């Protein structure tokens, strides 16, 4: 019998996926493990490998088409096996809306977030917005009544519109602008941060951290970095690596701040899993350094550099950016002096780090001296973290930054 090539669930909220491209043509020989096709998720493109060796036949979803998770997108026939179209394929093509797969029921789903009393997957919300459909009018077929993408009606208020610049409702004259289609990454950022800003009560606290000692330690450690065979240092610590470590330790010293809000409960986490904001062309990712409090500075540095490289190549996995207990956003390298960041759900805090600069302070003898420091702004979810708790967290973080030796204790 032919081997089904199933569209896998690569994210807990994924109900369907888009085939962005096939690497192998129908009728070509394939080897188990070789890249077969690419799935486009809300945040990245992921290569899916062939599950068996044989000949690829009966592709069900062409590039650009969507398919429900758990359904076959193609079949692999053994060499010499008669290429008879599977019955499931014919049924699916004749009535695609009725095609189901037992694999769906066996794949666990994460609880969908409830916004304004409506439980729906992020993909369902995005499709509903694109089609102009009010989710209050949709009955969910998912677990506990959750609305999934297949529940969204095909009718759309935009159906009669022509997809052209002239059809866009804007205050600008036709021909005076270029309409750029919103990418899945940009749509996800817009959705998540809009929900964050409108549903999370933010408050912000700021301190100015002296970084003279930290910079001395950083330069000394970088000078001692072991070299590779090509004489390149195996690591190069940045100020941000110290910030991530200090923030992770501060959360450990203050466990009541190492929390996330879940509606009926506040979840207090055992490890400090720190998201690190990484900008890429057209978007932003926040991969998570797990158990950052237990890792050395060189480990944190290596991990963040790997995340940055994979993010730019679109190769981050959902597991890389899922969860987390807090986040760090550093715009100092762009010369930004200070800013406040929007919390990235489900995190309860995010630390925004500005550029380091020289400023005059009064020393112990009363003489004003020049010190290097940077402003750090902590955004907190007031549902889970109160002002005094946030202030104490920021003070503990500042202590680690201004005296890096404390990170060794």
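The values are calculated or read from the model by the stated rules, or taken from the named source; none is laboratory data. Everything numeric in this text was worked out from a predicted model, so none of it was measured. Glycine also receives a Cβ, built like all others from the backbone with ideal geometry; neighbour counts cover every protein chain displayed.
Matching residues to (1) assigned to a helix (DSSP H, G or I); (2) buried (at least 17 other Cβ atoms within 10 Å of the Cβ):
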residue	(1), (2)
246	yes, yes
256	yes, no
260	no, yes
271	no, no
275	no, yes
293	yes, yes
299	yes, no
305	yes, no
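If you go through the stretch 213-232 one residue at a time, how many are assigned to a helix (DSSP H, G or I) and surrounded by 14 or more Cβ atoms within 10 Å (Cβ to Cβ)?
The total comes to 7.
Tell me which residues, restricted to the stretch 384-409, are more than 15 Å from residue 252 (Cβ to Cβ) and surrounded by fewer than 16 Cβ atoms within 10 Å (Cβ to Cβ).
Scanning the stretch 384-409 gives 386, 387, 388, 391, 403, 405.
With the checklist (1) under 16 Å from the mean Cα position of the chain (by Cα); (2) surrounded by fewer than 16 Cβ atoms within 10 Å (Cβ to Cβ); (3) without any contact (Cβ under 8 Å) to a residue 40 or more places away in the chain; (4) not in a strand (DSSP E or B) in hand, flag the one item residue 264 doesn't pass.
(1)
Determine whether residue 122 is surrounded by 13 or more Cβ atoms within 10 Å (Cβ to Cβ), outside the structural domain of residue 14 (by TED's automatic domain parsing), modelled with pLDDT under 65 and on the phi < 0 side of the Ramachandran plot.
So residue 122 passes the test.
How about the stretch 166-214: which of its residues are over 22 Å from the mean Cα position of the chain (by Cα) and under 30 Å from residue 385 (Cβ atoms)?
Those that are over 22 Å from the mean Cα position of the chain (by Cα) and under 30 Å from residue 385 (Cβ atoms): 203, 204, 205, 206, 207, 208, 209, 210, 211, 212, 213, 214.
Name every residue in the stretch 2-60 that is at pLDDT 85 or above and touching a helix residue (DSSP H, G or I) at 6+ places or on another chain (Cβ under 7 Å), in order of residue number.
Matches in the stretch 2-60: 6, 58, 60.
How many residues are outside any strand (DSSP E or B) and touching a residue at least 40 places away in the same chain (Cβ under 8 Å) if we restrict to the stretch 32-57?
Result for the stretch 32-57: 7.
Report yes if residue 298 is assigned by TED's automatic domain parsing to the domain that holds residue 239, under 26 Å from residue 220 (Cβ atoms) and touching a residue at least 12 places away in the same chain (Cβ under 8 Å), otherwise no.
yes
Could you check the stretch 21-31 and list, in sequence order, the residues that are outside any loop (DSSP other than H, G, I, E, B) and either surrounded by 15 or more Cβ atoms within 10 Å (Cβ to Cβ) or in the same structural domain as residue 318 (by TED's automatic domain parsing) (or both)?
Selection gives 22, 30.
Residues checked against (1) over 22 Å from residue 334 (Cβ atoms); (2) in the same structural domain as residue 118 (by TED's automatic domain parsing):
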{"position": "181", "(1), (2)": "yes, yes"}
{"position": "195", "(1), (2)": "yes, no"}
{"position": "211", "(1), (2)": "no, no"}
{"position": "248", "(1), (2)": "yes, no"}
{"position": "257", "(1), (2)": "yes, no"}
{"position": "264", "(1), (2)": "yes, no"}
{"position": "267", "(1), (2)": "yes, no"}
{"position": "278", "(1), (2)": "no, no"}
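For the stretch 166-181, check the following and say yes or no: at least one residue is out of contact with any helix residue (DSSP H, G or I) (no Cβ under 7 Å at 6 or more places or on another chain), surrounded by 15 or more Cβ atoms within 10 Å (Cβ to Cβ), touching a residue at least 12 places away in the same chain (Cβ under 8 Å) and not in a strand (DSSP E or B).
The answer is no, given that none of the residues of the stretch 166-181 is out of contact with any helix residue (DSSP H, G or I) (no Cβ under 7 Å at 6 or more places or on another chain), surrounded by 15 or more Cβ atoms within 10 Å (Cβ to Cβ), touching a residue at least 12 places away in the same chain (Cβ under 8 Å) and not in a strand (DSSP E or B).
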